[in-house]
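Worksheet for the structure shown next.
The values are calculated or read from the model by the stated rules, or taken from the named source; none is laboratory data. As the structure is a computational prediction, the values presented were derived from the model and not from experiment. Because the Cβ atoms are built from the backbone with ideal geometry, glycine has one as well, and the counts that use them run over all protein chains shown. With ligands, DNA and RNA removed, areas are computed over all heavy atoms of the protein, side chains included. Shrake-Rupley method; radii C 1.70, N 1.55, O 1.52, S 1.80 Å.
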Amino acid sequence: MIGYRLLVSLAAPVLLALALWRRLKGREDGAALRDRLLGPGPPEGAIWIHGASNGELASARPLIEALLADPDRQLLITANTRTGRDLAAGWHLPRTQTGVAPFDLRLCTARTMARISALVLLENEVWPNRIAMTQSRGLPLIFAGARMSARSARRWARRPALARALLGGARLVAPQDSASAARFRDLGVAPDRLLPPFQLKSLYLPRSAPPDPALARTFPRDASLLAASTHPGEEDIALDAFGIARKHRPDLRLILVPRHPDRAPAIARLAPMARRSLGEDPASHPVYLADTFGEMETWYRLAPVALVGGSLTETGGHTPYEPAALGCAILHGPHVANFAEDYAHLDAGGGALQVSDAASLAAGWLAHLDASAMPARARGLLTPADPTEMIVRIEAALRPRPPAA
């Protein structure tokens, strides 16, 4: 732990410089910079819920709303990104403050930590200083939808005492899958603090309105393809696959949605395309770069078949629950470690199709463009889990422990 604190302290000038640079470039606002350096100031006794960004927070929304059923409860919701903060703020939840998470430095976190009553970390958000400060104050620490990859587990295993202190000290761990459950147990989490595996993203429900009619006319459902949440290297494959597919269907259109919209300038150099963030006419090019946040439901509604990104490169893949719920046939690459059990279940049951390159992606797009059975099969295979036990156990873990006799 001392080594980690020394490392982040040495990195502090770099973190500050990057934060200032993002502020000067307009990529973050003053409130985000203030939160990173000073920490949000929630109401006294608020429960701090933290997720990396949009996906993690959106998946936890049913849990968040269940916690707010208690009229005396106040929440602080933070994300590592401004867009995650804005997503949560846009929900307009009662008794809830939103912000950007502070740097994991004790000085930056102290103000927030002094006011909270518990810390809930979503998925794979493990921040040692934040965790240690929570434990030193005797506050409940909960990991919800927790994911522990094999690589992360190997790193923690090199420091078993630290793993037992930080992870084993959690009041409750709700693992995302059985593999994560086993890894948390091996790293020191007591079996009675481990819940049965629960995938928070299985609770996903569409919340946006149908696409704008003008946009729907530009992207007719029987001629629109989607590459969703793509990472570096995947856009090239998607564009090559689109070229192959258009030889068979010249009327096809491609919606390209990068996972990180700030990569848009580099992506736009790969081929002629219209950019949504610049207000360019989507009908002006066959490729439309949807370089905005918070509109993924719109793109899944428009296209009948999609490549779910992060899977053709070694990123781990993104959720199949959102496209399944919105009636979009799911294509994915071989790298789906983040949702390994879900994709294995889908592939075996005909609810998704694995592709590996431009040729197989083009073939998959064309095969499932019209009247595909995959979306219905996926919805049947990805039935939402019952969150009752998880919520009841989390509620119990959040209650203050009685003083020792």
Report task. Filter the stretch 339-382 for residues that are closer than 19 Å to Ala223 by Cβ and open to solvent by 50 Å² or more (accessible area, probe 1.4 Å) and give the result. Result -> Ala363, Leu366, Ala367, Asp370, Ala371
Requested in this report: Scan the stretch 204-226 and give yes if some residue there is modelled with pLDDT of 95 or more, under 23 Å from Ile267 (Cβ atoms) and of a type outside the set (A, V, I, L, M, F, W, C), otherwise no.
Outcome: yes
Query raised in the report: Going by the conditions given, is Arg155 without any contact (Cβ under 8 Å) to a residue 24 or more places away in the chain and farther than 30 Å from Ala283 by Cα?
Result: yes
Requested in this report: Can you work out which of the residues in the stretch 23-54 that are assigned to a helix (DSSP H, G or I) and of a type in the set (D, E, K, R) is least open to solvent (accessible area, probe 1.4 Å)?
Outcome: Asp35
Report summary line: For the stretch 1-22, the count of residues that are out of contact with any helix residue (DSSP H, G or I) (no Cβ under 7 Å at 6 or more places or on another chain), over 20 Å from Thr78 (Cβ atoms) and either surrounded by 16 or more Cβ atoms within 10 Å (Cβ to Cβ) or not hydrophobic (A, V, I, L, M, F, W, C) (or both) equals 3
Requested in this report: Can you give me the number of residues within the stretch 305-315 that are farther than 21 Å from Pro265 by Cα, open to solvent by less than 10 Å² (accessible area, probe 1.4 Å) and in a loop (DSSP other than H, G, I, E, B)?
Outcome: 1
Report task. Grab the helices (runs of 4 or more DSSP H) fully contained in the stretch 74-179, keeping just those with 3 or more residues being touching a Lys or Arg at 6+ places or on another chain (Cβ under 9 Å). Result -> 106-113, 128-136, 150-157
Query raised in the report: Within the stretch 55-100, can you find the residues that are closer than 21 Å to Glu28 by Cβ, open to solvent by less than 30 Å² (accessible area, probe 1.4 Å) and within 17 Å of the chain's Cα centre (by Cα)?
Result: Gly55, Glu56, Leu57, Ile77, Thr78, Ala79, Thr83, Gly84, Arg85, Ala88, Gly99, Val100
